[in-house]
1. Amide H neighbours of residue 137 under 5 Å, counting only residues 5+ apart in sequence or on other chains, H built in-plane at 1.01 Å?
2. Multiplying the sequence separation of residue 63 and residue 569 by 0.36 nm and subtracting their Cα-Cα distance, what value in nm do you get?
3. In percent, what relative contact order does the chain have, based on Cα pairs under 8 Å that are 6 or more apart in sequence?
4. Given the Cα-Cα distance of residue 228 and residue 640 and 0.36 nm per residue of separation, how much length would full extension add, in nm?
5. Spelling out what I want: for every residue of segment 142-152, take phi, set θ = phi - 60°, compute 6.51 cos²θ - 1.76 cosθ + 1.60 (Karplus), and round to whole Hz; glycine and proline get x.
6. Can you list the residues, at least 5 places off or on another chain, whose amide H is less than 5 Å from the amide H of residue 191, using H built in the peptide plane?
7. Does anything in segment 556-586 have its amide N under 20 Å from the 7 Å Cα→Cβ label point of residue 194, and if so which residues?
8. Once the convex hull of the C-alpha atoms of segment 170-261 is built, how many Å³ does it hold per residue, rounded to a whole number?
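The values are calculated or read from the model by the stated rules, or taken from the named source; none is laboratory data. Keep in mind the model is a prediction, meaning the values are calculated, not measured. Using ideal geometry, Cβ is built from the backbone for each residue, glycine included, and neighbour counts are taken over all protein chains shown. Areas reflect the complete protein model, heavy atoms only, side chains present, ligands, DNA and RNA absent. Shrake-Rupley method; radii C 1.70, N 1.55, O 1.52, S 1.80 Å.
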Amino acid sequence: MSKDVYPVNPALAGPTTITPEQYQAMYEESVKDPNAFWGKIAKRLQWFKEPTIIKDTSFDVDNFHTRWFADGEINVSVNCLDRHLDKRGDKVAILWEPDDPQAAAQKITYRQLYERVCKLGNALRKLGVGKGDRVTVYMPMVPDAAVALLACARIGAIHNVVFGGFSPGSVADRVRDSNAKVIITADEGLRAGRKVPLKANVDAALQAEGTDTVTNVIVLKHTGGAVAMQDGRDIWLHEVTANEPAECAPERMQAEDPLFILYTSGSTGKPKGVVHSTAGYLVHASFSHETVFDLREEDIYWCTADVGWVTGHSYIVYGPLANGATSLMFEGVPSYPDASRFWQVVDKHQVTIFYTAPTAIRALMRDGDEWVKKTSRASLRVLGSVGEPINPEAWRWYHDVVGGGKLPIVDTWWQTETGGFMITPLPGATDLKPGSASKPFFGVQPALVDAEGKFIEGEGEGNLVIVDSWPGQARTVFGDHQRFIDTYFKAYPGMYFTGDGCRRDADGYYWITGRVDDVINVSGHRIGTAELESALVSHDKVAEAAAVGYPHDLKGQGIYVYVTLVAGLEGSDELKKELIAHVRKVIGPIATPDHLQWAPALPKTRSGKIMRRILRKIAENAPDQLGDTSTLADPAVVDTLVVERLNT
Ligand code: 6R9
């Protein structure tokens, strides 16, 4: 663990920057008197009806409920659009940088965005989509993705964004689980010059059983590539919106009405549809976006995430637009056409706040300093990191080379389930330690517990829990509230269990150590071992499979799978390739295994549980750290796997 401290740089402070003293005072009020604190913060939004009830929550399993601002009425799109028209109508809301640096960037003002959202909102209503209906959004990183989200929010429909890198099977699973009525997609996406066949994937997904709730597919013409359009079902976005008026009455939403569903991987089974609320979510997303990035009116803010992940929801679309900021959306990747692209985009658009992931930083660090140094980056003021623990070496490179040694890095720890930032520095308030997400955000009460659920006080390491509710927290798992409570509130009754391990140092700084459950964090994306295993077992040559994460220089964690073939079959390099391709096909390219090892058998306890701890150590090539194998049903299995591993 790094011992260096990088003190706050007072030269960067502006009139609204939160100082260390202000952070202390605000944090104390936020946890001692949440009603007073969040009551004031809620006034930052525009309500149809202001809430008089602020916090009405309990993590007690027998009396579990989460309601924030419960009697308030509000519409998210009004807060992201209408509210800004007077003062910021001509301000750029979305600044779009395409995949191809030679293609034209687009600037969409708040007024233009408002009109596009209204037109699509009207079109959706005409297709019979109303309050509470589900809409699947499967889009590339283009402004229309934000338009789609906001149009759903305007009419009270619940959107479910599916990341463009997911397979038709994954799209079908999500459509089926959420009973979606409409899908909004594009002909094709573009990434590093390669086309992603989004519409063809939707067509394939809708072949699957249980997807016939979908009545229409709205298709954005993006690349102009040829796609099949099914009569009566498929409609072009430009056609369906062409004659719609540029005004659309916003739906009056209750504070607790769901805004969106986002599927995420957990320890067991299929991905869960995490449901977020309307008011609490927006209060948390907008307030945290403003304070953690020390947002100012003239900022050009760039979050490099994809809108398919929660980071894209909260910190490309909802937080920034609710704050009237200019949010840059980038269609491409950091390495295309070359490793200078991020910094060229920063210079081209004079980006002031830059927020990315450790996996990108590590890859760019490996490519060498010259790609960075040939750019100016003088416009930058704040840097951010999210998705996984950032190793101190990458942190220092980000700080010294990208930030010229002068800029704060906000290492923001949070999750799909938390809606917004939970543990994070504030640029003007927190001295930084490379690799530490530092201190809790307002209203967040983290704690560490041991395996028995006993609190660990002061310095120490344990499982990270949050002891009380915060406005942006997920409200339920779509269609399965019991699963929500069982997953998050049962391991340590009365507390939200994050699934992360964490250390707290003598200064009260938090250091996330990574997932302690069966979730693999690959380049900041969560993949469940259960999903990987069921994808493998769905291949007719596979009898059994086990997936574990192992340390990977660039991705943080890589995917290592052990496969037991159906009796009588021999493993071959061809078959390895076939099985890896099969996983890509079933889940999507982000779930591609990095290593596949044949396993004549898997190490199991006598009750039949796979001993992942042992498989992890074998994958790490650390056979000396296997620990106690005596409880295994057949300890000899391990020796075979170790020998096999050493030979690869
Ligand atoms: C926002 C997001 C959540 C998991 C989380 C943790 C890891 C995210 C982190 C971090 C250390 C950070 N994580 N940010 N670990 N430091 N700054 O990534 O949501 O996709 O749900 O992933 O990512 O392990 O539990 P999500």
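1. 160, 161, 162, 184
2. Numbers: separation 506, 0.36 × 506 = 182.16 nm, distance 5.35 nm.
Stretched fully, the residue 63-residue 569 segment lengthens by 176.8 nm.
3. Working: 1441 pairs, mean separation 87.0, N = 648.
The normalised contact order for the chain reaches 13 percent.
4. On the way: separation 412, 0.36 × 412 = 148.32 nm, distance 5.10 nm.
Value of the extension gain: 143.2 nm.
5. With coefficients 6.51, -1.76 and 1.60, one gets 10, x, 5, 5, 5, 4, 4, 4, 5, 5, 4 Hz.
6. For residue 191, the qualifying residues are 196.
7. 556-560, 576-586
8. Numbers: hull volume 13.7 nm³, N = 92.
Considering the Cα atoms of segment 170-261, their hull volume per residue is 149 Å³.
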